[in-house]
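Quick notes on the structure that follows.
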Amino acid sequence: MSRTKVIPIPVMGRHTVNAYLLLGRRPVIVDAGTPGSGRRIHDQVAAHGVDPADVSLIVVTHGHIDHFGAAAELHRLTGAPVAGHVADLGPFRAGRAREPYLPTGPMGRLMARHRNLHLKVEPFEPEVLVTGETDLEDFGVTARIMPTPGHTAGSISVLTGEGDLVAGDLIANSFFGLVQGRPANPPFHDDPLLNLASLRKMLALDPTRLHVGHGTPLEPDRVRRWASREHRRLSRLERTGRIRTRTEAGTA
Ligand SMILES: [Zn+2]
């Protein structure tokens, strides 16, 4: 076992959209940014003293284009295989997210109108198809891919041996990272209850920190308190039939 360090790679703004660099025996990239950001990610990886050709894997946390928009480009620039969950293969292969986006609140309702979310980007085919918990030791990091469905059916997180959880959009910072350190839903969830169940499952593993796609790292205790409030809020909505969930069978 060797230490695996988690380094944020800003893709848009300082914290608005993040990818991550995991440094172990070999480097692994988590998430592939917005369309056209491949070079920016590549150059930042190099600036951390990593030869991009040494990157062993690019893990894509889910099928939204701010996370896989530059996957094909980054694959070309590094030569590394891309890993993604089988349940989001549809978006990866189509180069676009499932429509419509299901807003978690006013922010999502506003953002859903933004044309950049509905772009078609270059598709990719994951060479490493994730179907369950996956050990990344063979890729040079002491870490595991953990399926955390709910935000999308194929959402995954990466948990390192030190307890850092690179969580994609399982949780975010308030207002898409503008209010730093305050846990909040990202603008959209395909299945809010399933996402909360995935989040609680990860919290039960006692992560030391949560590194998110949008915002700065979150303290687990603060996320626990948020999750309890969110549980009460969703329970109220559920009782009155006001939760919208993407109803599609499994893996389309
Ligand atoms: Zn997302």
Using a ≥ b ≥ c from the Cα gyration tensor of the chain (square roots of the eigenvalues), is it rounded, prolate or oblate, where a/c under 1.5 gives rounded and otherwise the larger of a/b and b/c decides, a/b for prolate?
prolate
How large is ³J(HN,Hα) for each residue in segment 69-76, as worked out from phi by the Karplus curve 6.51 cos²θ - 1.76 cosθ + 1.60 (θ = phi - 60°), to whole Hz, x for Gly and Pro?
x, 10, 4, 5, 5, 5, 5, 5
Taking only Cα atoms of segment 46-88, the Rg to Rh ratio with Kirkwood Rh works out at 1.00
Report the calculated FRET efficiency for ILE7 and GLU137 (r = Cβ-Cβ distance, R0 = 25 Å), to the nearest 0.05.
0.80
Starting from the eigenvalues of the Cα gyration tensor, five times each then square-rooted, give me the equivalent ellipsoid semi-axes of segment 106-252, largest first, whole Å.
24, 20, 16
Once phi for every residue in segment 23-38 is put through the Karplus expression 6.51 cos²θ - 1.76 cosθ + 1.60 (θ = phi - 60°), the whole-Hz ³J(HN,Hα) values, with Gly and Pro written as x, are 10, x, 5, 10, x, 10, 9, 10, 6, 10, x, 6, x, x, 9, x
Summing -39500 (n - 2.57) over every DSSP H run of at least 4 in the chain, dividing by its residue total and rounding to the nearest 500, the 222 nm mean residue ellipticity is -7500 deg cm²/dmol
So, with points 7 Å from each Cα along the Cβ direction, the ALA204-HIS231 label distance in nm works out to 1.1 nm
What is the angle, in °, between the Cα long axis of helix 192-203 and the longest principal axis of the Cα atoms in the chain? Nearest 10 is fine, range 0 to 90.
50 degrees
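Read-outs: derived from the displayed coordinates by stated rules, not from any lab. For clarity, every value in this text was computed on a predicted model and none was experimentally measured. Backbone-built Cβ (ideal geometry, glycine too); neighbour counts: all protein chains shown.
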